[in-house]
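Q: Here's a structure for you.
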Amino acid sequence: MSRALMLVPALALALSNLGCGGQAAVYPVHGKVLYKSGGQAVPAAGALVVFHPEGNSDPAAIRPSGLVDGDGNFSLTSFRAGDGAPSGKYQVAITWPDAPKKKTGAPKGMGGGGEDKDQGGSRLKAHFANPTTSKITAEVKAERNELPVFHVE
């Protein structure tokens, strides 16, 4: 069998994982993030969920993400809002920035330090922001995906 004919099955398999326009096929993914607060689980409204493909450190790799709504729900986006994620296994990172701080100091030149800047703090423990330390994993299947609840603190 010629070398060219041997490549045909591999090429067909690779192309079967691509959608329109050469983009990877994506599947709807929905989930929920709840924050443990005072013994209760409350929605982590405003948190950002990012899926990092396992074993793929390529900076150009697709990293689907979603913003958590007021009820704690999110939908992943890869190319268009809410379109989903390619099938595969993922390590998950979640960040939830503190609310912006209000300006409280006197203006610069009047005994103050000038403009207050957002300190960039997080409401979550630091390990949740790193996909390798968050210990949250997910698998996206080639179908509609309803993920188990992600509990964070």
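The values are calculated or read from the model by the stated rules, or taken from the named source; none is laboratory data. All values reported here derive from a predicted model rather than from experimental measurement. With ideal geometry, Cβ positions are generated from the backbone for all residues, glycine too; neighbour counts draw on all protein chains shown.
Q: Please specify each residue of segment 125-144 satisfying the condition of being under 15 Å from the mean Cα position of the chain (by Cα) and not in a loop (DSSP other than H, G, I, E, B).
A: Within segment 125-144, His127, Phe128, Ala129, Ile136, Thr137, Ala138, Glu139, Val140 meet the criteria.
Q: Tell me, yes or no, whether segment 79-87 has at least one residue that is in a strand (DSSP E or B) and touching a Pro at 6+ places or on another chain (Cβ under 6 Å).
A: Checked segment 79-87: at least one residue is in a strand (DSSP E or B) and touching a Pro at 6+ places or on another chain (Cβ under 6 Å).
Q: Give just the number: which of (1) at pLDDT 95 or above; (2) more than 17 Å from the chain's Cα centre (by Cα) does Thr77 not satisfy?
A: For Thr77, the failing item is (2).
Q: A further question on this structure: Restricting attention to segment 139-153, and to residues there that are of a type in the set (Asp, Glu) and in contact (Cβ under 8 Å) with a residue 60 or more places away in the chain, which single residue is nearest to Ala24 (Cα to Cα)?
A: Among those residues, the one meeting the criterion is Glu143.
Q: If you go through segment 106-124, how many residues are of a type outside the set (Lys, Arg), at pLDDT 55 or above and not in a strand (DSSP E or B)?
A: Number of matching residues: 3.
Q: Residue check, Val68 against (1) surrounded by 13 or more Cβ atoms within 10 Å (Cβ to Cβ); (2) within 17 Å of Gln23 (Cα to Cα), all met but one. Which one?
A: Unmet for Val68, out of (1) surrounded by 13 or more Cβ atoms within 10 Å (Cβ to Cβ); (2) within 17 Å of Gln23 (Cα to Cα): (2).
Q: Would you mind telling me which numbered condition in (1) farther than 17 Å from Phe150 by Cα; (2) in a strand (DSSP E or B) Ala93 fails?
A: Checking Ala93 against (1) farther than 17 Å from Phe150 by Cα; (2) in a strand (DSSP E or B), the one that fails is (1).
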